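The values are calculated or read from the model by the stated rules, or taken from the named source; none is laboratory data. All values reported here derive from a predicted model rather than from experimental measurement. Quick reminder, even Gly has a Cβ in these numbers, built from the backbone with ideal geometry, and neighbours come from all protein chains shown. The accessibility values were calculated without ligands, DNA or RNA, using every heavy atom of the protein model including side chains. Shrake-Rupley method; radii C 1.70, N 1.55, O 1.52, S 1.80 Å.
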Amino acid sequence: MIDKIHVLDVVNRNLEGSDKFLVELKITTNNRIFVDIDGDNGVTIDDCVALSRAIEGSLDREQEDFELNVSSAGLDSPLKLPRQYKKNIGESLSVTTMEGEHFEGELLEATDESFRIQPPHGKKKAPLDPIEFSYKDVKTTTIIITF
């Protein structure tokens, strides 16, 4: 089986010093490697290709066959790291808590422990108070895409 620590080390070395960061690394039992990255200023296809080549170059297909997928965390992907929240301040979010409650609002601020959103005005046009969430109490958060 492919060594996750080895792949993680290659990813970290290749992203170090850039605005890119690892969102998720999964390796299945049948050696399918999934690497999702993000960047403070976005991710290009060239970023994904360069990282893919670095990972592939560090592994020996003669020793163990594998499938490699390096991609960027898309707009429709849930936010997973505080750094992703910080880069999306000002965006509209959809938040589902661990208890199943659903909230929407503009992301006002994000720290390493929590984030705050401003819900839209209530039915009587009265402004609602911002809502603060601890990351550990949130099941999923996605960006609301509007056109």
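Cα axis of helix 4-15 to longest principal axis of the chain: angle in degrees, 0 to 90, nearest 10?
The answer is roughly 70 degrees.
Give me the count of lysine pairs in the chain whose alpha carbons sit under 20 angstrom apart, restricted to pairs 8 or more positions apart or on different chains.
So the count works out to 14.
Which far-off residues, 5 or more places away or on another chain, put their amide H under 5 Å from the one on LEU93, with H placed in the peptide plane?
GLY105, GLU106, LEU107, ILE144
Which order, highest average first, do 83-89, 93-99 follow once you tally other Cβ atoms within 10 Å for each residue and take the mean per peptide?
Values: 83-89: 17.9, 93-99: 14.6.
By packing density, highest mean first, the sequence is 83-89, 93-99.
Give me a comma-separated list of calculated 3J(HN,Hα) values for the stretch 99-112, in order, Karplus coefficients 6.51, -1.76, 1.60 applied at θ = phi - 60°, integers in Hz, x for any Gly or Pro.
7, x, 6, 10, 9, 9, x, 7, 6, 8, 7, 8, 10, 6
Among bridges DSSP assigns within the chain, what percent are antiparallel (round to 5)?
80
Note down the nm distance, to one decimal, between modelled labels 7 Å out along Cα→Cβ at ILE5 and at SER114.
3.7
Please work out which option in (1) 60, 28, 23; (2) 57, 38, 31; (3) 67, 30, 29 gives Cα extents along the principal axes in Å calculated from these coordinates, and answer with its label.
(3)
In the neighborhood of ALA54, defined by Cβ-to-Cβ distances under 13 Å, what is the net charge if each Lys or Arg adds +1 and each Asp or Glu adds -1? List each step's numbers first, then the result.
Numbers: positive: ARG13, LYS20, ARG53; negative: ASP9, GLU16, ASP46, ASP47, GLU56.
Taking every Cβ under 13 Å from that of ALA54, the sum is -2.
Considering only ILE45, ILE33, ILE117, give the residue with the highest GNM mean-square fluctuation for the chain, with springs between Cα atoms whenever their separation is below 10 Å.
Residue with maximal mean-square fluctuation among ILE45, ILE33, ILE117: ILE45.
Provide the net charge surrounding ILE145, with neighbours chosen by a C-beta distance below 10 Å and charges set as Lys +1, Arg +1, Asp -1, Glu -1.
On the way: positive: none; negative: ASP76, GLU91.
Here the count lands on -2.
How much of THR28 can a 1.4 Å solvent probe reach, expressed as accessible area in Å² and rounded to 10?
40
Just to verify a number: FRET efficiency for ASP40 and ASP129, C-beta to C-beta distance, R0 = 30 Å, to 0.05?
Efficiency at R0 = 30 Å is approximately 0.55.
Please give, to one decimal in nm, the separation of the simple spin-label points placed at ASP137 and GLU16, each 7 Å out from Cα toward the Cβ.
Label-label distance for ASP137 and GLU16, simple model: 3.8 nm.
State to the nearest 20 debye the size of the charge dipole of the chain about its Cα centre, where the only charges are +1 on K and R beta carbons and -1 on D and E beta carbons. Provide the component values of the computation, followed by the final result.
On the way: 17 positive and 28 negative charges, 110 e Å.
With Lys and Arg at +1 and Asp and Glu at -1, about 520 debye.
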